[in-house]
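Worksheet: one structure, shown below.
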Amino acid sequence: MILYYFSDEIEDKEKEKNSFKKKFKSEVRIQKIDFLIRYPDYLAAELLWLIESGEITSEIKKNEIKSTIKQMFRDNEPEIKREDMLRYFFGAYEDIDDIIAFLVSVGFIEYTSKRSSIGRVYEKAYYLTDLACKKIENEILTGLEKVTWYQKRCELIKKYFGSLSGSELKFRQYEHKEYKGTPLNEYINGIQFEVVEKFRNIFNEELI
């Protein structure tokens, strides 16, 4: 879902010949978007920061953010939907090699990367095939009710943060003290109380 919603249409003519339809750049970006999906309270905090920082001034968007966050907490998403991630050297992380290998094996994606002189892999790019896009559009999004929440969450994140690179998302996430202060290889804790307080200060009303 992340690769599908946050990828760009293919421009490379050679890739078009190989039935590739979309391209997604960098594993870091996968990890940081995944974090926002798996930690609704951090996503809520990021949305509130858009208002605090003046990045969003439209009353329509402010009200949309307000109602979205209220619904998140009304549904107890910070507890029910949270799937813990480890704090690694570059922030929230989960090993996705097996998942990527599976997607390659069934013909959904292919990927490329470069390797430095010391063996470090970088500049990963993921190509979604025509088969993958058709599967998502014609079967997954239309036939699986449980996917709806993830679909809407991807659309929400893309609307407000879709233009940010993996490094930019990582920088924003490191601004959270709880996130930054989590020891390496330990799970990142939630920030529900911080969101509740921030919501109160911005909207002058209680969130919960």
Fully extended, how many nm does the chain gain between I99 and E168 (0.36 nm per residue separation, minus their Cα-Cα distance)? 22.4 nm
What distance in nm separates the simple spin-label points at N76 and N204, each placed 7 Å from Cα in the Cβ direction? 3.2 nm
Write out the GluC sites (Glu not before Pro) in region 51-117 meeting two conditions: DSSP loop, and at most 13 other Cβ atoms within 10 Å of their Cβ. E55, E83
Against the 2.2 N^0.38 Å scaling, with N counting residues, where does the chain land? I'd like the Cα-based Rg ratio to two decimal places. 1.09
Region 108-195: chymotrypsin sites (Phe, Trp or Tyr not before Pro) in DSSP loop, at most 13 other beta carbons within 10 Å: Y174
Of the listed links K21/K198; K32/K198; K22/K62; K146/K198; K22/K180; K159/K198, those spanning more than 29 angstrom between alpha carbons are K21/K198; K22/K62; K146/K198; K22/K180
For region 91-184, evaluate the Debye formula with one uniform point scatterer on each Cα (no solvent term) and list log10 I(q)/I(0) at q = 0.14, 0.23 Å⁻¹, rounded to two decimals. -0.81, -1.33
For region 27-129, count the residues as N, evaluate 2.2 N^0.38 Å, and divide the Cα radius of gyration by that value, please. 1.38
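So which chymotrypsin sites (Phe, Trp or Tyr not before Pro) in region 73-104 end up in coil per DSSP with only 14 or fewer other C-beta atoms within 10 Å?
For chymotrypsin sites (Phe, Trp or Tyr not before Pro) across region 73-104 that sit outside H, G, I, E and B with at most 14 neighbouring Cβ atoms in 10 Å, the list reads F89, F90.
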How high is the FRET efficiency between E178 and S58 when r is their beta carbon distance and R₀ equals 45 Å, given to the nearest 0.05? 0.95
Let me know the charge dipole size of the chain about its Cα centre in debye, to the nearest 20, where only the beta-carbon of Lys, Arg (+1) and Asp, Glu (-1) is charged. 400 debye
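Coordinate-derived values only; no laboratory data. These figures come from a predicted structure and were not determined experimentally. Every residue, glycine among them, receives a Cβ derived from its backbone with ideal geometry; neighbour counts consider all protein chains shown.
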